[in-house]
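The values are calculated or read from the model by the stated rules, or taken from the named source; none is laboratory data. This one's a predicted model, so the numbers in the text were calculated from it and none came from an experiment. Note that each Cβ is placed from the backbone with ideal geometry, even for glycine, and that neighbours are counted across all protein chains shown. What goes into the accessible areas is simple: the full protein's heavy atoms, side chains included, and nothing from ligands, DNA or RNA. Shrake-Rupley method; radii C 1.70, N 1.55, O 1.52, S 1.80 Å.
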Amino acid sequence: MALQGVSIWGCSKSPPPPQFGVAVANSHSTLIGNLRYDFDKCRCCLGVLAQRATTAVEDEKPTVPPLAHSSGPAHQNEAKGFHFHKDMNLLPKPLTAIDLYSSPRDGKKVRVAYQGLPGAYSEDAAFKAYPKCETVPCDNFEAAFKAVELWLVDKAVLPIENSVGGSIHRNYDLLLRHRLHIVGEVQLRVNHCLLGLPGVRKEELKAVVSHPQAFAQCEKILSALGVVKISAHDTAASAQTVASNRPRDTGAIASSRAAKVYGLNILAERIQDDDENITRFLVLGREPIIPGADRPHKTSIVFSLEEGPGVLFKALAVFAMRDINLSKIESRPLKQRPLRVVDDLNEGNATYFDYLFYIDIEASMAEPRAQYAVGQLQEFARFLRVLGCYPMDTVL
Ligand SMILES: O=C(O)C(=O)C[C@]1(C(=O)O)C=C[C@@H](O)C=C1
């Protein structure tokens with residue numbers, strides 16, 4: 001069953017706005033290397049999360065018979081006016097260190113939320129990260145974030161950028177709105193297929209359904225076919241639409257796995273314009289991971305800066321000076337304060353657009369050079385948050 005419209009937060013209050021101007025060490029925090037990572041877990045959130053933890057293990061069988069059916073001392077105590085909970089198994093289970101540990105647990109399948117339907121590329125990415133996981137389809141990106149926050153799943157896997165289509169801005173914005181940690185990345189080679197009902201030839205198609213990113217990646221074949229494009233939530237949803245509505249003149253762009261899942265024929269393979277079509281996904285969890293020294297790591301950071309000449313140059317120099325490679329930079333409008341009025345001129349106010357900068361550096365927070373670089377940036381950034389430090393993935 002897909003998770004739809006999960007609207008409650010881990011905390012009964014409304015989502016906390018990002019604390020602009022507050023540095024990393026300002027909330028409940030833990031030390032990794034010399035740097036503090038913020039957790040942002042208030043007592044009230046932990047309480048609700050602890051209750052929610054029972055949902056994730058709902059298939060566990062009760063080991064204690066319910067008190068309501070028992071006789072003997074407990075029952076007598078109840079009669080004397082002691083107030084016991086009717087079924088102790090319904091009480092929230094206390095969190096253990098194992099519950100809080102972010103890596104897959106032996107004997108228990110990791111539950112991974114993704115946006116889309118079975119057969120979506122995001123589900124492939126979840127299987128690449130956790131080969132034996134149980135995948136949980138979600139209606140939209142936000143539902144996947146909330147599913148992790150509410151302990152309904154262990155992790156979420158969400159697309160963040162594609163080598164042809166570019167960044168998925170919605171997920172950059174959600175990373176800041178939610179307090180999850182990036183614990184991994186997945187680089188997935190996306191080989192799109194043109195799918196149709198059995199017996200249909202691609203020349204018969206008048207329309208093609210797919211995700212807008214997939215259309216952006218397959219422009220050449222679409223213009224050669226001269227078909228109408230119909231948008232779908234994800235590529236697997238387009239395959240499902242064709243399979244269930246059975247229009248002979250409509251195809252879908254999706255994966256070969258989606259063709260199998262929905263019983264469609266592959267009319268053409270590897271139809272993307274650029275053969276090297278890679279989508280990068282982020283793996284999100286409730287807790288940060290402690291970076292190991294065994295393999296190369298990346299660190300994702302978001303920050304905002306004061307206005308002034310050369311401030312971005314100065315910010316990036318803290319990494320360049322230490323020979324730290326920057327693999328990605330993305331700017332997004334600072335939504336709470338998108339415009340800054342700088343001057344009151346006679347002819348009107350001078351306004352500047354205000355931005356958040358998201359960067360990925362090829363260094364681990366366990367390395368002193370990264371700790372010093374982030375520490376130095378923190379001295380003049382108006383706001384800074386380490387979104388996560390995680391092992392780098394390679395394309396298979
Ligand atoms: O539609 C899917 O199958 C998805 O997983 C989504 C998505 C995306 O949002 O970029 C992921 C990979 C492909 O680049 C196309 C679509």
If you take the residues in region 272-299 that are at pLDDT 95 or above and β-branched (V, I, T), which one is nearest to the ligand (Cβ to nearest atom)? T279
Scanning for something assigned to a strand (DSSP E or B) and modelled with pLDDT under 95, does region 305-326 turn up at least one residue? yes
Take the residues in region 332-365 that are of a type in the set (G, A, S) and modelled with pLDDT under 95; name whichever of them is nearest to the chain's Cα centre (by Cα). A350
Which of the residues that make up region 359-396 are in a loop (DSSP other than H, G, I, E, B) and either among the hydroxyl-bearing types (S, T, Y) or farther than 22 Å from L180 by Cα (or both)? S364, E367, T394, V395, L396
Scan region 208-235 and report the pairs whose first residue is without any contact (Cβ under 8 Å) to a residue 24 or more places away in the chain and more than 12 Å from D273 (Cα to Cα) and whose second residue is in a helix (DSSP H, G or I) and among the charged types (D, E, K, R), with Cβ atoms within less than 9 Å and a gap of 6+ or a chain change. L225/K202; L225/E203
Can you pull out the helices (runs of 4 or more DSSP H) entirely within region 172-249 that have at least 1 residues that are within 14 Å of the ligand (Cβ to nearest atom), open to solvent by less than 70 Å² (accessible area, probe 1.4 Å) and more than 30 Å from R286 (Cβ to Cβ)? 212-217, 235-245
For region 141-171, which positions are among the aliphatic types (A, V, I, L, M) and either more than 9 Å from the ligand (Cβ to nearest atom) or open to solvent by less than 10 Å² (accessible area, probe 1.4 Å) (or both)? A143, A144, A147, V148, L150, L152, V153, A156, V157, L158, I160
